[in-house]
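Engineer: One structure follows; several queries about it will come next.
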C-alpha cells in the first residue's frame, strides 16, 4: 500500500469531518518531556489530575505495542462571546473559561477521532489504534508539537499559526507507518507577556508551570481555597484565560467553525446568586454538557461565593447568611462566612457570631474568625 498516498487522503478526509489541523509523528519515546515531568514531580508542580506514570505519559508503545505513528488533530474554538450579558450591581455574573464554552470538547474531539478511525479501518483493515483527548496518558501538547501542529509557547499552551492557542487537541496512536511532519519553529522570542501577566505567578518561567498555583487548577479544587488566592480569582467560576488573552499570537484570533463549540451567554457568564441555590439536578441539566461541570457543583458554588465577595455584592448577603447556617457542606458554610466578612455589611458581625455559637466544624469556625477579622478591619 502507498502510505504517502494514504496520508494525503487522510489529510483531505479530515477536512470534511471538521478537523482544522492534522499532523503526523513517530511513536518514539518523548525523552525531553520525560525529563521535564520528573523535574515537575520533584518540585511538586503537578496538579494531581495527571493520568498514568511518567513512563505511560511518555512512551506511546506502552499503549499500542505495534505503534508506527501518531496522528495529532486540532480543532479551533471561539475566543469572543457574542451577546455577552453585562455584570452589574445587584446582578453580578461569573465566567467560565473559553475551554468550557459549548459542548464538552472531549466528546467533540472523540467524535472526530472515531470518524477518522472508521475511515482508516476501511482503507487499512489490519489497523490497530488508540485515541486520547486530554484525559489520556499522553501529553496532547507534546504530541501536537512533534507532529508539526504548532509549538508550545511560554504559557505552556500549543500555539498554531492560524488559530493561536485557541485549539483543542487530541491524538491517535496507530500501527500505520505514516511519515512524520516537520517541527514548527518556536517564535515566542524574548516575549514574556504571559509570564508577567499570570495573576498568581504560576508561570514560574517560560514553559514551566506550577499547576498548584494556576487559577485554572485552583478553580477545580474541592476544599477551601487558600487565602492568598481568594482576592485574585475574581469572578472566575472555572478555568482561567489570562495567559492566552494577553498573548500577542492570539491577537484577533476568533474562530466559530464548530456549532458544538458555540457558547450560550447565560451559561458561560451566569448570574452568581442563583448558582448558590441550584439543585444537583438543575446543575446537571444546565451545565452537564459543559467540560467545566466535571467536578460537580461544589467548586463552582464555592467560586461563585468568592466572586460575590470580590464584587462586595451586598444583595447576596441574605443568601450567603442562609448558606452559612444551613448548608451541609463545611466548605460552603465556611466560605460564605468569610465572604460575609469581605463584603463588610455591619450587621453580618452579629450573624456570624450567632452561627459560630452552634458550628462544630473547626475549619468552618476558622473561616468565621477570618470573616469577623475582615469586618473589624472594614469598620476601622
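Engineer: Run the numbers on segment 75-225 and let me know its relative contact order in percent, using alpha-carbon pairs under 8 Å that are six or more apart.
Structural biologist: Answer for segment 75-225 is 21 percent.
Engineer: Give me the distance in nm between label points sitting 7 Å out from Cα along the Cα-to-Cβ direction at residue 42 and residue 350, one decimal.
Structural biologist: Using points 7 Å along Cα→Cβ, the separation is 6.0 nm.
Engineer: Tell me, Kirkwood radius of the chain from alpha-carbon pair distances, in Å?
Structural biologist: Computed over the chain, the radius equals 22.5 Å.
Engineer: Hey, what did the chain get for relative contact order, percent, Cα under 8 Å, at least 6 apart?
Structural biologist: Relative CO of the chain lands at 19 percent.
Engineer: How far, in degrees from 0 to 90, does helix 348-358 lean away from the longest principal axis of the Cα atoms of the chain, to the nearest 10?
Structural biologist: Its long axis makes an angle of about 80 degrees.
Engineer: Next question, about the same structure. If you split all Cα-Cα distances of segment 175-264 into 10 Å bins from zero, what percentages do you get per bin, shortest first?
Structural biologist: Bin by bin from 0 Å, the calculated values are 13, 33, 30, 20, 4, 0.
Engineer: Shifting gears a bit: Relative contact order of segment 195-268, please, whole-number percent, based on alpha carbon pairs below 8 angstrom and at least 6 residues apart.
Structural biologist: That works out to 25 percent.
Engineer: Could you tell me how many degrees, from 0 to 90 and to the nearest 10, lie between the Cα long axis of helix 297-310 and the main elongation axis, the longest principal axis, of the Cα atoms of the chain?
Structural biologist: Helix 297-310 and the main axis of the chain meet at about 60 degrees.
Engineer: Continuing with the same structure: Hey, how much of the P(r) for segment 259-321 falls beyond 18 Å, as a percent of Cα pairs?
Structural biologist: 36 percent
Engineer: So what is the calculated 222 nm ellipticity per residue for the chain, using -39500 (n - 2.57) for each DSSP H run with n of 4 or more, over all residues, to the nearest 500 deg cm²/dmol?
Structural biologist: Here the helix-only value at 222 nm equals -12000 deg cm²/dmol.
Engineer: Would you mind estimating how fast segment 100-176 diffuses translationally, via Stokes-Einstein at 10 °C and 1.306 mPa s with the Kirkwood radius over Cα pairs, in µm²/s?
Structural biologist: 117 µm²/s
Engineer: So, one more: Using Cα atoms only, what is the angle between the long axis of helix 31-43 and the major principal axis of the chain, expressed in degrees (0 to 90) to the nearest 10?
Structural biologist: Between helix and principal axis, roughly 20 degrees.
Engineer: Still on this model: Could you give P(r) for segment 121-215, binned at 5 Å from zero, as whole percent values over all Cα-Cα pairs?
Structural biologist: Histogramming segment 121-215 at 5 Å steps yields 2, 12, 18, 19, 19, 13, 7, 4, 3, 2, 0 percent.
Engineer: A further question on this structure: Mean 1/r over all different Cα pairs, inverted: what Kirkwood radius does segment 1-107 give, in Å?
Structural biologist: Radius from the Kirkwood sum: 18.2 Å.
Engineer: Mind jotting down the distance between the C-alpha centroids of segment 18-96 and segment 262-340, whole Å?
Structural biologist: Measuring centre to centre over Cα atoms gives 27 Å.
Engineer: Calculate how large, on average over all directions, the projected area of the Cα convex hull of segment 140-292 is; give the answer in nm² to one decimal.
Structural biologist: 11.9 nm²
Engineer: For segment 294-361, report the % of Cα-Cα distances exceeding 20 Å.
Structural biologist: Distances greater than 20 Å cover 21 percent of the Cα pairs.
Engineer: Here is a follow-up. Determine by what factor the alpha-carbon radius of gyration of segment 216-337 differs from 2.2 N^0.38 Å, reporting the quotient.
Structural biologist: 1.13
Read-outs throughout are calculated quantities, based only on the coordinates presented, and are distinct from any laboratory measurement. In this text the structure is predicted, and so the values were computed from the model without any measurement. Neighbour counts run over all protein chains shown; Cβ positions are idealised from the backbone, glycine included.
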